[in-house]
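Novice: Sending over a structure as C-alpha coordinates; questions will come in a sec.
The values are calculated or read from the model by the stated rules, or taken from the named source; none is laboratory data. Predicted model only: the values in this text are computed from it and were never measured. Ideal geometry is used to build each Cβ from the backbone, glycine not excepted, and the neighbour counts take in all protein chains shown.
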Amino acid sequence: MNRRAFLVASAAATGLAGRVRAQTARLEVYKSPTCGCCSAWIEHMERAGFVVDARNVDQDALYAFKAQSGITPELSSCHTALVDGYVVEGHVPAGDVERLLAERPGALGLTVPGMPLGSPGMEMGNQRDAFDTLLLLQDGSTEVFERHA
(Lines give C-alpha, C1' and ligand atoms only; values in the text may rest on other atoms or scores of the structure.)
Protein backbone atom coordinates (compact mmCIF):
# COMPACT_ATOMS: atom_id res chain seq x y z
CA MET A 1 0.00 0.00 0.00
CA ASN A 2 1.44 3.39 -0.97
CA ARG A 3 1.63 6.30 1.48
CA ARG A 4 -1.46 8.13 0.10
CA ALA A 5 -3.63 4.99 0.20
CA PHE A 6 -2.44 4.31 3.76
CA LEU A 7 -3.28 7.88 4.88
CA VAL A 8 -6.76 7.75 3.30
CA ALA A 9 -7.46 4.32 4.83
CA SER A 10 -6.22 5.50 8.22
CA ALA A 11 -8.32 8.66 8.06
CA ALA A 12 -11.43 6.69 7.13
CA ALA A 13 -10.82 4.28 9.99
CA THR A 14 -10.59 7.15 12.47
CA GLY A 15 -13.55 9.11 11.09
CA LEU A 16 -11.45 11.81 9.44
CA ALA A 17 -12.24 11.00 5.80
CA GLY A 18 -14.24 14.20 5.33
CA ARG A 19 -11.46 16.34 6.73
CA VAL A 20 -8.87 14.70 4.45
CA ARG A 21 -11.19 15.29 1.48
CA ALA A 22 -11.67 18.96 2.38
CA GLN A 23 -7.94 19.46 2.58
CA THR A 24 -7.55 18.26 -1.00
CA ALA A 25 -10.69 19.87 -2.47
CA ARG A 26 -10.63 23.17 -4.34
CA LEU A 27 -13.66 25.47 -4.27
CA GLU A 28 -14.16 27.92 -7.10
CA VAL A 29 -16.49 30.61 -5.70
CA TYR A 30 -18.37 33.15 -7.82
CA LYS A 31 -19.54 36.18 -5.84
CA SER A 32 -20.17 39.90 -5.84
CA PRO A 33 -17.03 41.91 -4.99
CA THR A 34 -18.87 43.81 -2.24
CA CYS A 35 -20.59 40.95 -0.40
CA GLY A 36 -19.20 40.58 3.13
CA CYS A 37 -21.17 37.45 3.98
CA CYS A 38 -19.67 35.69 0.94
CA SER A 39 -16.20 36.50 2.23
CA ALA A 40 -17.15 35.23 5.70
CA TRP A 41 -18.40 31.93 4.15
CA ILE A 42 -15.13 31.60 2.23
CA GLU A 43 -13.21 32.01 5.51
CA HIS A 44 -15.42 29.28 7.07
CA MET A 45 -14.55 26.93 4.19
CA GLU A 46 -10.83 27.74 4.40
CA ARG A 47 -10.83 27.04 8.16
CA ALA A 48 -12.31 23.62 7.30
CA GLY A 49 -9.38 22.91 4.99
CA PHE A 50 -10.79 23.78 1.58
CA VAL A 51 -8.61 25.64 -0.89
CA VAL A 52 -10.70 28.54 -2.24
CA ASP A 53 -10.38 30.48 -5.47
CA ALA A 54 -12.78 33.44 -5.17
CA ARG A 55 -13.89 35.15 -8.37
CA ASN A 56 -15.58 38.52 -8.19
CA VAL A 57 -18.16 38.90 -10.95
CA ASP A 58 -20.92 41.39 -11.75
CA GLN A 59 -24.54 40.54 -10.93
CA ASP A 60 -25.53 39.67 -14.52
CA ALA A 61 -22.65 37.21 -14.85
CA LEU A 62 -23.44 35.73 -11.42
CA TYR A 63 -27.13 35.17 -12.27
CA ALA A 64 -26.17 33.62 -15.62
CA PHE A 65 -23.69 31.32 -13.89
CA LYS A 66 -26.33 30.25 -11.35
CA ALA A 67 -28.82 29.42 -14.12
CA GLN A 68 -26.17 27.52 -16.08
CA SER A 69 -25.36 25.52 -12.92
CA GLY A 70 -29.02 24.52 -12.33
CA ILE A 71 -29.76 27.04 -9.57
CA THR A 72 -33.28 28.44 -9.92
CA PRO A 73 -34.27 31.72 -8.22
CA GLU A 74 -36.09 29.89 -5.39
CA LEU A 75 -32.92 27.88 -4.62
CA SER A 76 -30.61 30.88 -4.88
CA SER A 77 -28.41 32.69 -2.39
CA CYS A 78 -25.65 35.24 -2.78
CA HIS A 79 -22.72 33.12 -4.01
CA THR A 80 -22.21 29.98 -6.05
CA ALA A 81 -19.28 27.58 -5.82
CA LEU A 82 -18.05 24.57 -7.75
CA VAL A 83 -16.20 21.72 -6.06
CA ASP A 84 -15.19 18.41 -7.59
CA GLY A 85 -18.04 18.34 -10.11
CA TYR A 86 -20.73 19.66 -7.75
CA VAL A 87 -22.37 23.06 -7.35
CA VAL A 88 -22.63 24.55 -3.84
CA GLU A 89 -25.09 27.42 -3.55
CA GLY A 90 -25.12 29.77 -0.61
CA HIS A 91 -24.21 29.35 3.03
CA VAL A 92 -23.74 25.57 3.07
CA PRO A 93 -21.78 24.38 6.13
CA ALA A 94 -18.36 22.87 5.42
CA GLY A 95 -19.38 19.59 7.06
CA ASP A 96 -22.21 19.19 4.55
CA VAL A 97 -19.80 19.72 1.65
CA GLU A 98 -17.39 17.21 3.18
CA ARG A 99 -20.25 14.69 3.45
CA LEU A 100 -21.27 15.37 -0.18
CA LEU A 101 -17.73 14.68 -1.35
CA ALA A 102 -17.47 11.53 0.77
CA GLU A 103 -20.83 10.08 -0.32
CA ARG A 104 -20.71 11.29 -3.97
CA PRO A 105 -24.47 11.10 -4.70
CA GLY A 106 -25.69 11.36 -8.28
CA ALA A 107 -26.79 14.98 -7.91
CA LEU A 108 -25.98 18.49 -9.08
CA GLY A 109 -24.95 19.61 -5.60
CA LEU A 110 -26.12 21.38 -2.45
CA THR A 111 -27.98 24.59 -1.70
CA VAL A 112 -29.00 26.62 1.32
CA PRO A 113 -31.57 28.98 -0.24
CA GLY A 114 -31.68 32.53 1.03
CA MET A 115 -29.40 33.71 3.78
CA PRO A 116 -30.48 32.13 7.09
CA LEU A 117 -29.14 33.77 10.25
CA GLY A 118 -26.55 31.60 11.96
CA SER A 119 -25.52 29.75 8.82
CA PRO A 120 -21.78 29.97 7.99
CA GLY A 121 -21.05 33.55 6.97
CA MET A 122 -24.35 34.81 8.38
CA GLU A 123 -23.48 34.72 12.07
CA MET A 124 -25.22 37.41 14.14
CA GLY A 125 -24.25 36.81 17.76
CA ASN A 126 -26.55 34.20 19.29
CA GLN A 127 -29.30 34.65 16.69
CA ARG A 128 -29.86 31.49 14.70
CA ASP A 129 -32.55 30.35 12.29
CA ALA A 130 -33.18 26.67 11.68
CA PHE A 131 -32.36 25.83 8.06
CA ASP A 132 -32.01 22.88 5.73
CA THR A 133 -29.23 22.08 3.32
CA LEU A 134 -30.92 20.72 0.23
CA LEU A 135 -29.54 18.15 -2.20
CA LEU A 136 -30.19 19.39 -5.73
CA LEU A 137 -30.99 16.40 -7.90
CA GLN A 138 -30.28 16.03 -11.62
CA ASP A 139 -33.96 16.65 -12.53
CA GLY A 140 -33.99 19.96 -10.62
CA SER A 141 -35.94 18.63 -7.64
CA THR A 142 -34.54 18.74 -4.11
CA GLU A 143 -34.52 16.68 -0.95
CA VAL A 144 -33.31 17.50 2.53
CA PHE A 145 -29.64 16.59 2.84
CA GLU A 146 -29.08 17.90 6.38
CA ARG A 147 -31.19 19.77 8.95
CA HIS A 148 -29.60 22.50 11.05
CA ALA A 149 -31.47 23.60 14.19
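Novice: Out of all the residues in segment 81-104, which are in a loop (DSSP other than H, G, I, E, B), surrounded by fewer than 16 Cβ atoms within 10 Å (Cβ to Cβ) and not basic (Lys, Arg)?
Specialist: Of everything in segment 81-104, those that are in a loop (DSSP other than H, G, I, E, B), surrounded by fewer than 16 Cβ atoms within 10 Å (Cβ to Cβ) and not basic (Lys, Arg) turn out to be ASP84, GLY85.
Novice: Among (1) over 26 Å from ASP139 (Cα atoms); (2) under 12 Å from the mean Cα position of the chain (by Cα); (3) outside any strand (DSSP E or B); (4) in contact (Cβ under 8 Å) with a residue 12 or more places away in the chain, which single condition is SER77 missing?
Specialist: The one condition SER77 does not meet is (1).
Novice: Within segment 126-149, how many residues turn out to be outside any strand (DSSP E or B) and closer than 21 Å to GLU46 by Cα?
Specialist: Within segment 126-149, residues that are outside any strand (DSSP E or B) and closer than 21 Å to GLU46 by Cα number 0.
Novice: (1) in contact with a strand residue (DSSP E or B) (Cβ under 9 Å, 6 or more places away or on another chain); (2) surrounded by fewer than 20 Cβ atoms within 10 Å (Cβ to Cβ): which one isn't true of ALA67, the others all being true?
Specialist: The number of the failed condition is (1).
Novice: Would you confirm whether any residue within segment 20-32 is at pLDDT 95 or above, in a helix (DSSP H, G or I) and of a type in the set (A, V, I, L, M)?
Specialist: No, segment 20-32 contains no residue that is at pLDDT 95 or above, in a helix (DSSP H, G or I) and of a type in the set (A, V, I, L, M).
Novice: Can you pull out the residues in segment 40-53 that are in contact with a Gly (Cβ under 9 Å, 6 or more places away or on another chain) and either among the charged types (D, E, K, R) or without any contact (Cβ under 8 Å) to a residue 12 or more places away in the chain (or both)?
Specialist: Scanning segment 40-53 gives a single hit, GLU43.
Novice: Among (1) surrounded by fewer than 21 Cβ atoms within 10 Å (Cβ to Cβ); (2) without any contact (Cβ under 8 Å) to a residue 40 or more places away in the chain; (3) part of a strand (DSSP E or B), there is one condition LEU110 misses while meeting the rest; what is its number?
Specialist: With respect to (1) surrounded by fewer than 21 Cβ atoms within 10 Å (Cβ to Cβ); (2) without any contact (Cβ under 8 Å) to a residue 40 or more places away in the chain; (3) part of a strand (DSSP E or B), LEU110 is out only on (1).
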